[in-house]
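The values are calculated or read from the model by the stated rules, or taken from the named source; none is laboratory data. Here the structure is a predicted model, which is why all the values come from computation and not from measurement. Every residue, glycine as well, gets a Cβ built from its backbone with ideal geometry; the counts of neighbours run over all protein chains shown. Quick note on the areas: whole protein, heavy atoms, side chains included, nothing else; ligands and nucleic acids left out. Shrake-Rupley method; radii C 1.70, N 1.55, O 1.52, S 1.80 Å.
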Amino acid sequence: MLEHPGFGTRRAVPDGMATLVRTHAETVRALPTDRAPVIVGYCAGGAIAHAVARRLAHTRHPPAGVILLDSHAGLMRRNDPRRLALMSAGAALPDDVVDQLDDSLLITGGGYARVLENWQPEPSPVPTLLLRGPPTPHMRQTAPDGDWQPHWPLPHDSADLPGDHFSVLNRDAHSTAAAIRAWLTG
């Protein structure tokens, strides 16, 4: 798991996507493995995973694939309805999750919103899987007939998951892992 600068012990948010991608690509290249990595990103981290995989594709250490977990290409744009719905749904998260959030996390998230707001994915030769969760209850309440599915504008395989954006990594993680395993071995 790659720690994004600005979170945890690394406190400075990068000045742009190029710096962030270079940092993560160097970390992946330094991994002590003989096997090609699979880069995985969740939510807005899918944009970062795609960009890192694309950069690594043009080196001697190309990744075997990139997996986008409920990632949406335009998520960090200020007016993206999916972003707004996910942010407002965050207020209804369980107390044990909300208690882990502090001001520094929110400030860092705002820094990443700035870094990713105008980013557009560029074509990549790396095989890509987009795993999509169904709309959250908050999304359905906001616009019952809205198109809440994550969209990725470049070629990719896709699979739908049970649960929703907030459960694909915890309550429904077994289904997420099974979908990843099926794609990697299929």
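A few remarks follow.
- The lone criterion from (1) in a helix (DSSP H, G or I); (2) in contact with a Gly (Cβ under 9 Å, 6 or more places away or on another chain); (3) closer than 17 Å to residue 3 by Cβ left unmet by residue 53 is number (3).
- Count - residues of the stretch 39-48 that are open to solvent by less than 50 Å² (accessible area, probe 1.4 Å), modelled with pLDDT of 90 or more and not in a helix (DSSP H, G or I): 2
- Taking the stretch 110-128 as the range and being at pLDDT 70 or above, open to solvent by less than 100 Å² (accessible area, probe 1.4 Å) and assigned to a helix (DSSP H, G or I) as the test, the residues that pass are 111, 112, 113, 115, 116.
- For the stretch 16-38, the candidate set comprises residues that are in contact (Cβ under 8 Å) with a residue 60 or more places away in the chain and open to solvent by less than 20 Å² (accessible area, probe 1.4 Å); within that set, the residue that is nearest to residue 128 (Cα to Cα) is 20.
- Counted residues, the stretch 135-172 - those being small (Gly, Ala, Ser), outside any loop (DSSP other than H, G, I, E, B) and more than 15 Å from the chain's Cα centre (by Cα): 1
- Scoring residue 159 on the criteria (1) open to solvent by less than 40 Å² (accessible area, probe 1.4 Å); (2) hydrophobic (A, V, I, L, M, F, W, C); (3) under 25 Å from residue 180 (Cα atoms); (4) in contact (Cβ under 8 Å) with a residue 40 or more places away in the chain leaves a single failure, condition (4).
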